[in-house]
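The values are calculated or read from the model by the stated rules, or taken from the named source; none is laboratory data. Everything numeric here is computed off the predicted structure, so don't read it as measured data. Cβ: placed from backbone, ideal geometry, glycine included. Neighbour counts: every protein chain shown. Each accessible area value is taken on the protein alone, full model and side chains, heavy atoms only, with ligands, DNA and RNA left out. Shrake-Rupley method; radii C 1.70, N 1.55, O 1.52, S 1.80 Å.
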Amino acid sequence: KELFSKYLSFREEIKKEIRPMLKDVHWLVFAADESRIVWETIIRRLWLPKGEKSIIRVERKRRSQSFLGFLNLKSGEELLFPLSWQKQDTIIPVLEELTRRYPDKRICVIWDNAKFHKGKKIKAKLATTLRDIHLINLPPYAPDTNPQEHVWKYGKDKLANNQRGSLEETVSAFTALVTGRTYNYHF
């Protein structure tokens, strides 16, 4: 109960902090998070004539694509950036790209408490190329509070039962699914 109470208190503090930003035309407020799509060849069934021996050769190479998604809490628009990996060195250029896309705006990013979201490299960049970005970290172990998680769930649920022939096809379909609509998820 105590942990839940702290979580609710923290959430209310964040709501109070972002409320003026949501009303201000000079601010953009994004919920952000990383996700990964994994592609692997799987054979589920094999039909052969009776009496024939089955030999299955499958290349079990697992491939994946990471993403950093930003849900605009004002417009419901989803921005999606591919990442080679989820770490500070790949996230910083995406945050810099976000500031280039919106040069006349201040940007608030609400994301989880991952260690690489609070690292030394990101903190150093907040004083230089990321000075127009304000970061807010969600409390630990509270992924359900991040609206971006709902975007990931939507995209992965829609993608789940439609097998694609390659990672590239899967990534393309996922990108179209999550960026092809607006979301009415609020913090």
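For every residue, the table says whether it meets (1) farther than 12 Å from GLU34 by Cα; (2) open to solvent by 40 Å² or more (accessible area, probe 1.4 Å).
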residue	(1), (2)
SER84	no, yes
LEU98	yes, no
ASP104	yes, yes
ASP112	no, yes
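Given the criterion open to solvent by less than 60 Å² (accessible area, probe 1.4 Å), on the phi > 0 side of the Ramachandran plot and modelled with pLDDT of 95 or more, identify the matching residue among GLY76, GLY69.
None of the other options fit; the residue is GLY76.
Looking only at segment 148-160, filter to residues that are out of contact with any Leu (no Cβ under 9 Å at 6 or more places or on another chain) and closer than 24 Å to ARG101 by Cα; which one of those is least open to solvent (accessible area, probe 1.4 Å)?
Per the criteria, the residue is TRP152.
State yes or no: is ILE110 within 13 Å of the chain's Cα centre (by Cα) and in contact (Cβ under 8 Å) with a residue 60 or more places away in the chain?
Yes: the conditions hold for ILE110.
Checking the condition among the basic types (Lys, Arg) and either in contact with a His (Cβ under 8 Å, 6 or more places away or on another chain) or under 25 Å from GLN65 (Cα atoms) (or both), which residue from ARG131, ARG164 passes?
Details: ARG131 fails: either in contact with a His (Cβ under 8 Å, 6 or more places away or on another chain) or under 25 Å from GLN65 (Cα atoms) (or both).
ARG164 is the lone residue from the list that is among the basic types (Lys, Arg) and either in contact with a His (Cβ under 8 Å, 6 or more places away or on another chain) or under 25 Å from GLN65 (Cα atoms) (or both).
Under 7 Å between Cβ atoms, at least 6 apart or on separate chains: pull out the pairs that start in segment 13-39 with a residue that is under 20 Å from ASN184 (Cβ atoms) and end on any residue that is at pLDDT below 95 and of a type in the set (Phe, Trp, Tyr).
Pairs that qualify, where the first residue is under 20 Å from ASN184 (Cβ atoms) and the partner is at pLDDT below 95 and of a type in the set (Phe, Trp, Tyr), are ILE14/PHE187; LYS15/PHE187; ILE18/PHE187; ALA31/PHE187.
Considering VAL171, VAL178, which residue is more than 30 Å from GLU17 (Cβ to Cβ), crowded, with 18+ Cβ neighbours inside 10 Å, in contact (Cβ under 8 Å) with a residue 60 or more places away in the chain and of a type in the set (A, V, I, L, M)?
Numbers: VAL178 fails: more than 30 Å from GLU17 (Cβ to Cβ).
After ruling out the rest, the residue left standing is VAL171.
Counting only residues that are of a type outside the set (Ser, Thr, Tyr), surrounded by 15 or more Cβ atoms within 10 Å (Cβ to Cβ) and not in a loop (DSSP other than H, G, I, E, B), which one in segment 123-147 is farthest from the chain's Cα centre (by Cα)?
LYS125
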